[in-house]
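Before any comments, here is the structure.
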Amino acid sequence: MIKFLTDAMLGKLTVLLRIFGYNTVYANDLYELDVSHLENFPIHLPNPIPDDILFQYANLTERIILTKDLPFYRRSKDQSFFLEGKGVYNYLRQLKEKFELKYEFEMEKALCSNCNSPIKKVSNKESIKNKLKNSTYAHYDTFFQCTNPECQKIFWNGPHIKDIKEKLNKYID
Ligand SMILES: [Zn+2]
């Protein structure tokens, strides 16, 4: 499946792509990622990351760079896609047209919006009771949790998901 590297300023788009299951690394987070498995790549990355390192990372991990920075795009046309205008649903529409992305939401296939790791169903909701608001705990039965031990963010099919679906219907056919 297609993978992305999102340039700075594209935080909202990063979150939505992950929710739809697209593996997306946010350039702003790259300096904290474990990149020790990549050959010929610096282990300790500076913050902010120089453009050349971003190109190299995208290449090594076979990611398409999404950017709103025209000079940056011009330097990396082969491996990047320039997003026009503004608005995250506008960007999603452009990506759908270009890469035939599908925005079908399934909790089982979503990635953690916070860290891009797989999420998995919580088998016993009592185990996460102390991490949720009482009203959320009472109102929902199915929860998912990020498998990254340093993140462990919890997800459920709440009103934020309904809002995303409504906006998709409105702005993208
Ligand atoms: Zn996470």
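Annotations for the structure displayed:
- Asp173 vs. criteria over 28 Å from Ala8 (Cβ atoms) and modelled with pLDDT under 95: yes
- Picking from residues in region 16-67 that are among the small types (Gly, Ala, Ser) and assigned to a loop (DSSP other than H, G, I, E, B), the one that is nearest to Gly87 (Cα to Cα) is Gly21.
- Every pair of residues 6+ apart whose Cβ atoms lie under 7 Å, when the first sits in region 120-149 and is free of Cβ contacts under 8 Å to residues at least 40 places away in the same chain while the second is acidic (Asp, Glu): Lys125/Asp141
- Selection from region 135-159 of residues that are among the β-branched types (Val, Ile, Thr) and more than 16 Å from the ligand (Cβ to nearest atom): Thr136, Thr142
- Filter result for Phe105 (hydrophobic (A, V, I, L, M, F, W, C) and over 16 Å from the mean Cα position of the chain (by Cα)): no
- For the residues Tyr89, Tyr171, Tyr103, the requirement of being exposed (fewer than 14 other Cβ atoms within 10 Å of the Cβ) and either touching a helix residue (DSSP H, G or I) at 6+ places or on another chain (Cβ under 8 Å) or assigned by TED's automatic domain parsing to the domain that holds Ile19 (or both) singles out Tyr171.
- Hey, Leu66 under 28 Å from Tyr171 (Cβ atoms) and of a type outside the set (Asp, Glu) or not: yes
- Matching residues, region 106-116, being within 9 Å of the ligand (Cβ to nearest atom), on the phi < 0 side of the Ramachandran plot and surrounded by 18 or more Cβ atoms within 10 Å (Cβ to Cβ): Leu111, Cys112, Ser113, Cys115
- Failed item in (1) surrounded by 12 or more Cβ atoms within 10 Å (Cβ to Cβ); (2) touching a helix residue (DSSP H, G or I) at 6+ places or on another chain (Cβ under 7 Å), with Asp141 passing the rest: (1)
The values are calculated or read from the model by the stated rules, or taken from the named source; none is laboratory data. If you're wondering where the values come from, they're calculated on a predicted model, not measured in any experiment. Neighbour counts run over all protein chains shown; Cβ positions are idealised from the backbone, glycine included.
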